[in-house]
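The values are calculated or read from the model by the stated rules, or taken from the named source; none is laboratory data. The model shown is predicted, which means the values in this text are computed figures rather than measured ones. Here Cβ is always computed from backbone atoms with ideal geometry, including for glycine, and neighbour counts include all displayed protein chains.
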Amino acid sequence: MRGLWRKCVKSIDSKQAGLTSIQILVVVVVLGIIAAVLFAPRLLGQAGRALQAQADADIETLGIALDRYAKDNGDYPSTEQGLKALWEKPEAPPIPINWLEPYIQIPITEDPWGNPYIYIRPGIHDRYGYDLISFGSDGVEGGTGEAEDVVSWIRRDE
C-alpha cells in the first residue's frame, strides 16, 4: 500500500510542480506591457533628438559642400540654382566658372522629417553667405523640442 501511495503523491506533485507554458506566456506579456509603458516615452524622446542631430549633421555636410563650391567658383549657388548645384552643374545664371565635380556624392534634399531643406542666397541671417534651414518635425518656422528649427547660422540665444 505504501508503494501505491508514494506513486500517487509523486504523480500529483510532478503535474503541479511547474508553470504551464500559458502561464509563462502571460507573465512575459505582462512584463512586456509594463516595460513598454515605462520606457516608451524615453525611447520616443531619444528618437526625436536623433532626428534633430541628423538634420544638424546634414546641414553641416551641405555647408562644407557649399564652401567647396564657393571656393572653386567664386561664390555660392544662387537661391534659384539651389542645393542641386552641388551635384549637377547649373545651367541657369550665374554659370559657375570652375565647376569641377559633384560637391556632394549623395544628394541631400530632404530633412529627416521628409521636408525640403530651405536654401537662401544671400541669406537673411548671413548676408555674405547663405541660410540653410530645416523647420523641424512640424515643418513650420519656430517651435521647440523636436519641432525646433535647425539652421546653418549661429543663433544669438545660444
Residue list for the range 85-115, restricted to those being outside any loop (DSSP other than H, G, I, E, B) and either surrounded by 14 or more Cβ atoms within 10 Å (Cβ to Cβ) or touching a Gly at 6+ places or on another chain (Cβ under 7 Å) (or both): Ala85, Leu86
Residue count, the range 33-59 (criterion: at pLDDT below 75 and touching an Asp or Glu at 6+ places or on another chain (Cβ under 8 Å)): 1
Test result for Tyr76, at pLDDT 75 or above, among the hydroxyl-bearing types (Ser, Thr, Tyr) and not in a loop (DSSP other than H, G, I, E, B): no
Top-ranked residue of the range 79-126 - restricted to ones that are closer than 23 Å to Ile154 by Cβ and among the charged types (D, E, K, R), ranked as nearest to the chain's Cα centre (by Cα): Asp111
Unmet criterion (only one of (1) exposed (fewer than 14 other Cβ atoms within 10 Å of the Cβ); (2) touching a residue at least 40 places away in the same chain (Cβ under 8 Å); (3) not aromatic (Phe, Trp, Tyr)) for Arg127: (2)
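Going through the range 136-158 one residue at a time, which ones are assigned to a loop (DSSP other than H, G, I, E, B), at negative phi and in contact (Cβ under 8 Å) with a residue 24 or more places away in the chain?
If the condition is that a residue be assigned to a loop (DSSP other than H, G, I, E, B), at negative phi and in contact (Cβ under 8 Å) with a residue 24 or more places away in the chain, then Ser137, Glu148, Ser152, Trp153 are the ones that fit.
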Check on Leu62, among the hydrophobic types (A, V, I, L, M, F, W, C), in a helix (DSSP H, G or I), under 20 Å from the mean Cα position of the chain (by Cα) and buried (at least 17 other Cβ atoms within 10 Å of the Cβ): yes
From Arg68, Arg49, residue being assigned to a helix (DSSP H, G or I) and surrounded by 13 or more Cβ atoms within 10 Å (Cβ to Cβ): Arg68
Residue in the range 96-114 that is charged (D, E, K, R) and under 14 Å from Ile59 (Cα atoms) present: yes
Among (1) surrounded by fewer than 17 Cβ atoms within 10 Å (Cβ to Cβ); (2) farther than 14 Å from Ile64 by Cβ; (3) not charged (D, E, K, R) - the single one Ile133 does not satisfy: (1)
